[in-house]
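Report on the following structure.
The values are calculated or read from the model by the stated rules, or taken from the named source; none is laboratory data. Note that the structure is a prediction, hence the values are computed from the model and not measured. Cβ coordinates were reconstructed from backbone atoms using ideal geometry, including for glycine residues, and neighbour counts include every protein chain displayed. Protein only, heavy atoms only, side chains kept; ligands, DNA and RNA dropped before computing areas. Shrake-Rupley method; radii C 1.70, N 1.55, O 1.52, S 1.80 Å.
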Amino acid sequence: MANQSLSGKTIVVTGGFGALGRVVGQAAQQAGAKVALVDRGPQPQGLSADLAVGDVDLADFAAAERAFAKIGEAFGRIDALFNIAGAFEWSPVADAGADVWENLFRANVLTAVAASKGALPFMQAGASIVNIGAAAATARAVKGMAPYTASKSGVLRLTESLADELKPRGIRVNAVSPTTIDTPRNRADMPKADTRDWVPPERLAQVLLYLASEDAASVTGANLRVGA
């Protein structure tokens, strides 16, 4: 059911061309919002959005600033930013070179930082930022998960600090930490996995929309776990 409290609002989704980003963008449109999707690749065909900004390296602060200036020019304001852009790689510490650590830090932390900085000039009191964390970053990390969980832990600390920083401006910042998301990529990478407890993108989208809505007006600095 569409959440009418999002009617007329402008929502920006980073990683918007991916499986989760596209579902979130469509759900936001159905809830009455105007939607801008931002991603590092070229715009795919059949994309449903009011504005699509492709070929943006969101870990590059200057590139992110230019992309958000374009969004601000198109809509005049940003009411919610969903920082979905990110990456995953399984790699034991003994095998992971500096490139693995750097790539995951850029993809998961710097994209959220740069996008938030780019969006803030167009945000007013009542606006909301939601970062995608990971349930794995809130539990004991196991073999091969150190680079990924370290970067996602950074996203959670960013969320807490930015929430405190922006509270005087009336801008809320929260995180959502899903377990495994049921995407085609994850099914291909884990063909033998039990998918019964995986999180459907549509369910995760509803949590994001809730955090952007007036129903969550008193929620900031939180990390909501989604999934079993």
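For region 53-64, check the following and say yes or no: at least one residue is in contact with a strand residue (DSSP E or B) (Cβ under 9 Å, 6 or more places away or on another chain), within 25 Å of A212 (Cα to Cα) and not in a loop (DSSP other than H, G, I, E, B).
Yes, some residue in region 53-64 is in contact with a strand residue (DSSP E or B) (Cβ under 9 Å, 6 or more places away or on another chain), within 25 Å of A212 (Cα to Cα) and not in a loop (DSSP other than H, G, I, E, B).
For region 94-107, state whether one or more residues are in contact with a Pro (Cβ under 6 Å, 6 or more places away or on another chain), part of a loop (DSSP other than H, G, I, E, B) and either open to solvent by less than 60 Å² (accessible area, probe 1.4 Å) or in contact (Cβ under 8 Å) with a residue 40 or more places away in the chain (or both). Yes, because at least one residue in region 94-107 is in contact with a Pro (Cβ under 6 Å, 6 or more places away or on another chain), part of a loop (DSSP other than H, G, I, E, B) and either open to solvent by less than 60 Å² (accessible area, probe 1.4 Å) or in contact (Cβ under 8 Å) with a residue 40 or more places away in the chain (or both). For region 1-29, the set of residues classified as part of a helix (DSSP H, G or I) and under 22 Å from P184 (Cα atoms) consists of A19, L20, G21, R22, V23, V24, G25, Q26, A27, A28, listed by residue number. The residue list A112, A146 contains one member that is open to solvent by less than 10 Å² (accessible area, probe 1.4 Å) and in contact (Cβ under 8 Å) with a residue 24 or more places away in the chain, which is A112. Within region 107-145, the set of residues being among the charged types (D, E, K, R), within 16 Å of the chain's Cα centre (by Cα) and farther than 15 Å from A69 by Cα is empty. As a summary of the residue check, A19 satisfies the conditions (1) out of contact with any strand residue (DSSP E or B) (no Cβ under 7 Å at 6 or more places or on another chain); (2) free of Cβ contacts under 8 Å to residues at least 60 places away in the same chain except for the one numbered (2). For the structure I just gave you, tell me whether G32 is within 20 Å of L204 (Cβ to Cβ), in a loop (DSSP other than H, G, I, E, B) and among the small types (G, A, S). Answer is yes for this residue.
In a residue-by-residue description of region 117-131, the property of being crowded, with 19+ Cβ neighbours inside 10 Å, closer than 19 Å to V219 by Cα and touching a Ser or Thr at 6+ places or on another chain (Cβ under 7 Å) applies to at least one position.
If you filter region 72-93 down to residues that are more than 16 Å from S128 (Cα to Cα) and within 19 Å of the chain's Cα centre (by Cα), you find that the one that is surrounded by the fewest Cβ atoms within 10 Å (Cβ to Cβ) is A87.
If you go through region 15-36 one residue at a time, how many are touching a Lys or Arg at 6+ places or on another chain (Cβ under 9 Å) and under 19 Å from L110 (Cβ atoms)? Lay out the reasoning, then the answer.
Taking region 15-36 as the starting set, the residues that turn out to be touching a Lys or Arg at 6+ places or on another chain (Cβ under 9 Å) are 15-19, 28, 31-34, 36.
Still in the running and under 19 Å from L110 (Cβ atoms): 15-18.
Final tally of qualifying residues: 4.
For region 196-227, filtering for residues that are more than 20 Å from A87 (Cα to Cα) and open to solvent by less than 80 Å² (accessible area, probe 1.4 Å) leaves 11.
I'm trying to understand the selection: among the residues of region 145-196, which are modelled with pLDDT under 95, under 28 Å from V93 (Cα atoms) and outside any helix (DSSP H, G or I)?
The answer is T179, T180, I181, D182, T183, M190, P191, K192, A193, D194, T195.
Of all residues in region 147-193, those satisfying the criterion of being among the charged types (D, E, K, R), over 20 Å from A107 (Cβ atoms) and in contact with a helix residue (DSSP H, G or I) (Cβ under 9 Å, 6 or more places away or on another chain) are R169, R172, D182.
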